[in-house]
Amino acid sequence: MEWYVKNPDWWGDVSGALVPHPRMLMMSGMGKSSSDVGSIDTSSVSNNSGPMRMVNPGSKNIHDAQKSSLKFLIYGRTGWIGGLLGRICDKQGIAYNYGNGRLQDRAQLLADIQNVKPTHVLNAAGVTGRPNVDWCESHKPETTITNVVGTLTLADVCREHGLLMMNFATGCIFEYDAGHPIGSGIGFKEEDKPNFTGSFYSKTKAMVEELLKEYDNVCTLRVRMPISSDLNSPRNFIAKIAKYDKVVNIPNSMTVLDELLPISIEMAKRNCKGIWNFTNPGVISHNEILEMYRDNIDPKFKWANFTLEEQAKIIVAPRSNNEMDASKLKKEFPELLSIRESLIKYVFKPNKKNLTAGTAI
């Protein structure tokens, strides 16, 4: 065994073994295929015509073979992120099914896994409250059953079946403090313990995140104030604050879904585990976003600010404001854009182009 370790090239090129159907390698002239929409993989195979011959499988062949072997089981069919994940899978040609079982019902989850036979499980289900997290303050048992009991049950069922669970969680479990002052650029890291329990929603999310640390088959993605190019979505942070009479003006870390959800699919392929701050690097304030909205979407748009103290008078539960350190995610995906750059590329430029072309947002 030691000799083989010291002489790894003795076997030659065995990469063909990674392709499920080696006969496909005998095809003449494998054409170049365009990159999958929504995929962050840019590898391809050159177009070579000629007689039938053995072709050495390149990275695109391996990528296609991996893609064809993937099958996702997604929870959160009726939710915003769950729906977007399905669309991305469609664009990338990844097989998937939405789960039918309720998270807290172990038997139903087992039935889903037995029927679908997934390679990965993506959990975007959870209780956030309607119209906002204040709902959770008066529905604590319902919030706990789904956000804590349900999430843990799904993680445990996945563990029993050797499945990785990608868990779309929240970064709204922190708030600025003495060690992370507002405007300092010092963000909360993955290993930091949550310090915000002002809302019951955040309390359940912090609780389940701590318990999920005991499961080595879970990848926890801390999403914050999610934004997408669909400015009509009521869950979109921009759409929310654009409708408010008054807004606070505090810099926060945020998640541009158009950029980060395809990255979450790639993370599943790479079998990433543990906790990840799933935000774009840097922070941006409410006023800065609304200024971009005015300059790119509605020149007549106006808004007013109020203080946290004034805000507290019209909401039931306090809100989380913080900066997340995204250096771990940036190291894994160097192409990740800062929050401002991502907003321009994925949200405001496309919508401005649509407006110029006369297309409604």
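The values are calculated or read from the model by the stated rules, or taken from the named source; none is laboratory data. This structure is a prediction, so every number in the text was calculated from the model and none was measured. Positions of Cβ are generated from backbone atoms using ideal geometry, with glycine treated the same way; all protein chains shown enter the neighbour counts.
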Handout entry: Odd one out for ILE344, checked against (1) at pLDDT 95 or above; (2) farther than 28 Å from ASN132 by Cβ; (3) of a type outside the set (D, E, K, R); (4) surrounded by fewer than 19 Cβ atoms within 10 Å (Cβ to Cβ)
Key = (2)
Handout entry: Residue list for the stretch 290-332, restricted to those being touching a residue at least 12 places away in the same chain (Cβ under 8 Å), outside any loop (DSSP other than H, G, I, E, B) and under 21 Å from the mean Cα position of the chain (by Cα)
Key = MET324, SER327, LYS328, LEU329, LYS330, GLU332
Handout entry: Verdict on MET267 being in the same structural domain as TRP80 (by TED's automatic domain parsing), part of a helix (DSSP H, G or I) and touching a strand residue (DSSP E or B) at 6+ places or on another chain (Cβ under 7 Å)
Key = yes
Practice task
With the condition kept exactly as written, say whether any residue in the stretch 308-327 is surrounded by fewer than 16 Cβ atoms within 10 Å (Cβ to Cβ) and modelled with pLDDT of 95 or more.
Solution key: yes
Exercise for the section: For the stretch 200-215, state whether one or more residues are among the aliphatic types (A, V, I, L, M), under 17 Å from SER320 (Cα atoms) and touching a Pro at 6+ places or on another chain (Cβ under 7 Å). Expected result: yes
Exercise for the section: Looking only at the stretch 235-250, decide whether some residue is over 14 Å from VAL283 (Cα atoms), part of a loop (DSSP other than H, G, I, E, B), in contact with a helix residue (DSSP H, G or I) (Cβ under 6 Å, 6 or more places away or on another chain) and of a type outside the set (A, V, I, L, M). Expected result: yes
Handout entry: Scope the stretch 159-183; condition without any contact (Cβ under 8 Å) to a residue 24 or more places away in the chain and either in contact with a strand residue (DSSP E or B) (Cβ under 7 Å, 6 or more places away or on another chain) or assigned to a loop (DSSP other than H, G, I, E, B) (or both); matching residues
Key = ALA178, GLY179, PRO181
Handout entry: Unmet requirement for GLY274, which otherwise passes all of (1) within 24 Å of ASP177 (Cα to Cα); (2) surrounded by fewer than 19 Cβ atoms within 10 Å (Cβ to Cβ); (3) touching a Cys at 6+ places or on another chain (Cβ under 7 Å)
Key = (1)
Handout entry: Options PHE200, PHE196, PHE188: the member that is among the aromatic types (Phe, Trp, Tyr) and modelled with pLDDT of 95 or more
Key = PHE188
Problem - Complete set of residues in the stretch 127-145 that are in a helix (DSSP H, G or I) and crowded, with 20+ Cβ neighbours inside 10 Å - result: CYS136, THR143
Practice task
Exactly one condition in (1) closer than 21 Å to LEU337 by Cα; (2) in contact (Cβ under 8 Å) with a residue 12 or more places away in the chain; (3) of a type outside the set (Lys, Arg) is not met by ASN232; state its number.
Solution key: (1)
Handout entry: Selected residue [surrounded by fewer than 18 Cβ atoms within 10 Å (Cβ to Cβ), in the same structural domain as VAL316 (by TED's automatic domain parsing) and in contact with an Asp or Glu (Cβ under 9 Å, 6 or more places away or on another chain)] from ASP177, ASP192
Key = ASP192
Exercise for the section: Inspect the stretch 288-310 for any residue being polar (S, T, N, Q) and more than 22 Å from PRO131 (Cα to Cα) and give the result as yes or no. Expected result: yes
Completion exercise
Counting only residues that are in contact with a strand residue (DSSP E or B) (Cβ under 8 Å, 6 or more places away or on another chain) and among the basic types (Lys, Arg), the stretch 114-143 contains a total of 1
Problem - Qualifying positions in the stretch 97-118 - under 16 Å from GLY150 (Cα atoms) and either of a type in the set (Lys, Arg) or in contact with a Phe, Trp or Tyr (Cβ under 7 Å, 6 or more places away or on another chain) (or both) - result: GLY99, ARG102, LEU103, ARG106
Handout entry: Selected residue (only one of GLY101, GLY162 is under 18 Å from GLY82 (Cβ atoms) and in the same structural domain as LYS205 (by TED's automatic domain parsing))
Key = GLY101
